[in-house]
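Coordinate-derived values only; no laboratory data. The shown structure was predicted, so the numbers you read here are calculated from the model rather than taken from an experiment.
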Amino acid sequence: MFCATGIQIKFLKTLFKMSHYLYLLGGIRLGLNLYLAQVLRVIGWFLLASYRSLASLDA
C-alpha cells in the first residue's frame, strides 16, 4: 500500500497549482492569438478593399 509523506503531498499540491497556472496562461495565450487573427483579418479586408477601389479608378 502506498503511503505519501508530507513532502510528497506538498510536492503534489505545488504541481497541481503549477498545472492550473499553465492552463490559465494557455487560455490567455489562445485568447491573444484569436484576437491577433481577428485584427489581421480586418487589416487584410481593408487592404483588399483599398486595392479594389484603386483598381476600379485605373480602369
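Out of every Cα-Cα pair in the chain, what percent are more than 17 Å apart?
Across the chain, Cα pairs with separations above 17 Å total 66 percent.
Using only Cα atoms, tell me the angle between helix 6-58 and the longest principal axis of the chain; keep it within 0 to 90° and round to the nearest 10.
Value to nearest ten degrees: 0.
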